[in-house]
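The values are calculated or read from the model by the stated rules, or taken from the named source; none is laboratory data. In this text the structure is predicted, and so the values were computed from the model without any measurement. Glycine gets a Cβ as well: all are built from the backbone with ideal geometry, and neighbour counts include every protein chain shown.
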Amino acid sequence: MSERKAFIKIDQDSCIGCGACISACPEEALKFNNEGKSELIIPYLCAGHGQCIDVCPVQAIQWNK
């Protein structure tokens, strides 16, 4: 079984750790990592809704092309 490519990517250098994306994700696919920044912890849960992209105040989340 091949692993599906994630819909989004998070720029860890730009992430400010505000948690807005984590709160916005209806699938609960995003969590804080050990550095206090958002990370797509469970890629297969991401359904590509895009709320995380919309709420990120620093545009640290982009569509993964």
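Descriptive notes on the structure:
- Inspection of the range 21-34 finds no residue satisfying the criterion of being assigned to a loop (DSSP other than H, G, I, E, B) and of a type in the set (Lys, Arg).
- Pairs are defined by a Cβ separation below 9 Å, a sequence spacing of at least 6 or placement on different chains, a first member in the range 12-24 that is among the hydroxyl-bearing types (Ser, Thr, Tyr), and a second member that is exposed (fewer than 15 other Cβ atoms within 10 Å of the Cβ) and at pLDDT 95 or above; the pairs so defined are Ser14/Val58; Ser14/Gln59.
- Test for Ala20: is it small (Gly, Ala, Ser) and surrounded by fewer than 15 Cβ atoms within 10 Å (Cβ to Cβ): no
- Test set (1) within 11 Å of Ile61 (Cα to Cα); (2) touching a Lys or Arg at 6+ places or on another chain (Cβ under 9 Å); (3) assigned to a loop (DSSP other than H, G, I, E, B) - Ser14 fails condition number: (2)
- Residue in the range 32-46 that is surrounded by 13 or more Cβ atoms within 10 Å (Cβ to Cβ), out of contact with any helix residue (DSSP H, G or I) (no Cβ under 7 Å at 6 or more places or on another chain) and touching a residue at least 40 places away in the same chain (Cβ under 8 Å) present: yes
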